[in-house]
1. If you take the residues in region 33-83 that are in contact (Cβ under 8 Å) with a residue 40 or more places away in the chain and among the aromatic types (Phe, Trp, Tyr), which one is farthest from HIS123 (Cα to Cα)?
2. Residue check, GLN109 against (1) within 30 Å of ARG10 (Cβ to Cβ); (2) open to solvent by less than 70 Å² (accessible area, probe 1.4 Å), all met but one. Which one?
3. Of all the residues that make up region 89-106, how many are surrounded by fewer than 23 Cβ atoms within 10 Å (Cβ to Cβ), within 11 Å of the chain's Cα centre (by Cα) and either over 24 Å from PHE68 (Cα atoms) or modelled with pLDDT under 95 (or both)?
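The values are calculated or read from the model by the stated rules, or taken from the named source; none is laboratory data. Here the structure is a predicted model, which means the values were calculated and not measured. Note that we place each Cβ from the backbone using ideal geometry, even for glycine, and neighbour counts take in every protein chain shown. Heads up: the accessible areas ignore ligands, DNA and RNA and are worked out on the full protein's heavy atoms, side chains in. Shrake-Rupley method; radii C 1.70, N 1.55, O 1.52, S 1.80 Å.
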Amino acid sequence: MATASTPRRRPPPDYGTVRPKRSVWAGVLIGVGIAAFVDETVFHQLLHWHHFYDKSTPGAGLVSDGLFHAFGWFAVVIGLVLVADLRRRGALTGRGLTGGILLGAGFFQLYDGTVQHKLLKLHQIRYHVDLVPYDWTWNVLAVVFLIVGTVMVRRSRPREVHAPEAVVGREPG
């Protein structure tokens, strides 16, 4: 019995070309989404410390939490689609992806802790307590994530190989 064979898919023309920048950007999206998920789940839903927008009614706070949760979820999904494409192309760098995740989480936390909490005053980490330890912990962790992520991203870059320069006036030999 003859069976119909399905034609093999050819790899993309650029298969195996590592793409560290794209790996980092995929990680940044995933990191932003993970940090948003942790913030939303732990501080908004489980601990009931705040809503994304606390300057209105509790109902408005819940709606803002839902929109915030959707934003985080879409960031993770888009990041994972990019990871899948990079893997299919043989172009993913694990260190770049991990560094990007840390950069994304750190950026999100620092933005949340400075812009949303302090500048815009959309919400605070907690209410009716001394905020200093919470603010320091939140922002110092963000900076640590950013530093470690930056180191990992820099180490994920392909190293350039330079040929030794010829010395003027000397012949090889």
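1. By that ranking, first place goes to PHE74.
2. Tallying (1) within 30 Å of ARG10 (Cβ to Cβ); (2) open to solvent by less than 70 Å² (accessible area, probe 1.4 Å), GLN109 fails exactly one: (1).
3. 0
The rows are residues; the columns are (1) touching an Asp or Glu at 6+ places or on another chain (Cβ under 6 Å); (2) modelled with pLDDT of 90 or more; (3) surrounded by fewer than 19 Cβ atoms within 10 Å (Cβ to Cβ).
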position	(1), (2), (3)
ASP14	no, no, yes
VAL24	no, yes, no
ALA35	no, yes, no
THR57	no, no, yes
ALA70	no, yes, yes
ALA75	no, yes, no
VAL81	no, yes, yes
ARG87	no, yes, yes
